[in-house]
Amino acid sequence: MSRIRQLPIELINQIAAGEVIERPASVVKELVENSLDAGAQRIEIEVEEGGARLIRVRDDGRGIDADDLPLAIAAHATSKIASFDDLERVTTLGFRGEALPSIASISRFALTSRPAEQAHALRIEVDGGKPGAPKPAQHPAGTTIEVRDLFYNVPARRKFLRAERTEFGRIDELIASLALVRTGAEFRLSHNGKPVRLLRRAVDEAGVAARVGDLLGEEFVGQSLRIEHEGAGLRLSGWVGLPTASRAQADSQYFYVNGRLVRDRLVAHAVRQAYADVLFHGRHPAFVLFLDLDPLGVDVNVHPAKHEVRFRESRLVHDFLYRTLNDALAQTRAGAAAPVAP
Ligand code: ADP
Ligand code: MG
């Protein structure tokens, strides 16, 4: 008697969704990252009821060819890599080809897209993983994805959605984390029809600083050191918050590896050590830091949600981070700046 069966594709996608789509903010992350990978310079995110009712992401990126439309929503289909070699060198935010089919399997989903050189847009709707036929539609060059009634067919997940304000807060925080690193793109975010954020394209250093001020507060910009340091094939840049910019909570810590926000133990350890002498116990540093290195030196394919990375030369990275930050903070120690009391 045979016991093993091949799972239907909708179920495969729903299982994949379980790993990456925890809440509405995860959908926004995947969609906005796709827009950025498509070279978008303007991204508009509309959210209703904390994302449970509607998430609509509209971009002016490269669009999806008519022929590619069914593939965009097919599992393990991607335009971003084609080989293991590409995977090791990947510079796009996405590469797994799982986000759209996953999201479409747990929502009422619609994708409308038009590459600039195509006369008409096409729209494809997918209901709980079941795709309809693509239909002609009106759309400027770019892509719009609509996700309605997230988890409508996954009651266990739907039940765990938090209050509308909480879920929207996560989305807002997610947009902030992408806008901090993608300063060349404009982001607009609205909730229940009300504009919440308008972050205009930064074209120069002043614009970048203005965006950081917008997202982390002007005080942070005033109370941080702008750093840029290179060595051993590594480059660390960004804003190192001074002790005066420290917080009671660790809620203003942004660390990017090759443009991707990560939560890494090794990184956290190096940062903590560098701040150890200048911060009182219980205070948390604020920082926005960008580590850039050869993609071959870091594995981003550790977890489906890609929050974690693995460095090939972890000791080297750790020491570089510690030394660079420690040297920067030493300037504050040399002056009168004693640790600031909580
Ligand atoms: P991945 O991003 O890992 O490739 P996704 O499921 O997120 O997988 O997307 C599948 C494909 O659909 C992408 O590789 C890309 O070619 C296309 N795509 C998705 N979103 C957009 C977009 N906003 N603009 C242009 N192409 C897109
Ligand atoms: Mg993607």
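A short reminder: the numbers here are calculations on the coordinates, not readings from a lab. Everything numeric in this text was worked out from a predicted model, so none of it was measured. When we count neighbours, we look across all protein chains shown, and the Cβ atoms used for this are built from the backbone with ideal geometry, even at glycine.
Of the conditions (1) touching a residue at least 60 places away in the same chain (Cβ under 8 Å); (2) within 15 Å of Ala72 (Cβ to Cβ), Pro115 fails just one. Which one is it?
Tallying (1) touching a residue at least 60 places away in the same chain (Cβ under 8 Å); (2) within 15 Å of Ala72 (Cβ to Cβ), Pro115 fails exactly one: (1).
Kindly indicate whether any position in segment 304-320 is under 24 Å from Ile21 (Cα atoms) and part of a strand (DSSP E or B).
So far as segment 304-320 goes, yes, one or more of its residues are under 24 Å from Ile21 (Cα atoms) and part of a strand (DSSP E or B).
Looking at the structure I just gave you, is Arg157 basic (Lys, Arg) and under 18 Å from the mean Cα position of the chain (by Cα)?
No, not satisfied.
Taking Leu178 as the residue in question, decide whether it is crowded, with 18+ Cβ neighbours inside 10 Å, part of a helix (DSSP H, G or I) and within 16 Å of ligand 2 (Cβ to nearest atom).
yes
Just one of Ser26, Ser79, Ser35 is in contact with a Ser or Thr (Cβ under 8 Å, 6 or more places away or on another chain), within 14 Å of ligand 2 (Cβ to nearest atom) and among the polar types (S, T, N, Q); which is it?
Ser35
Just to be sure I understand, how many residues within segment 83-112 are charged (D, E, K, R), in contact (Cβ under 8 Å) with a residue 12 or more places away in the chain and closer than 24 Å to Gly259 by Cβ?
Residues that pass the stated criteria total 4.
When only residues in segment 18-44 that are part of a loop (DSSP other than H, G, I, E, B) and either under 23 Å from Leu161 (Cβ atoms) or among the acidic types (Asp, Glu) (or both) count, which is nearest to ligand 1 (Cβ to nearest atom)?
Ile21
Give segment 45-58 a look and list any residue that's among the basic types (Lys, Arg) and more than 20 Å from Leu161 (Cα to Cα), or say none.
Arg58
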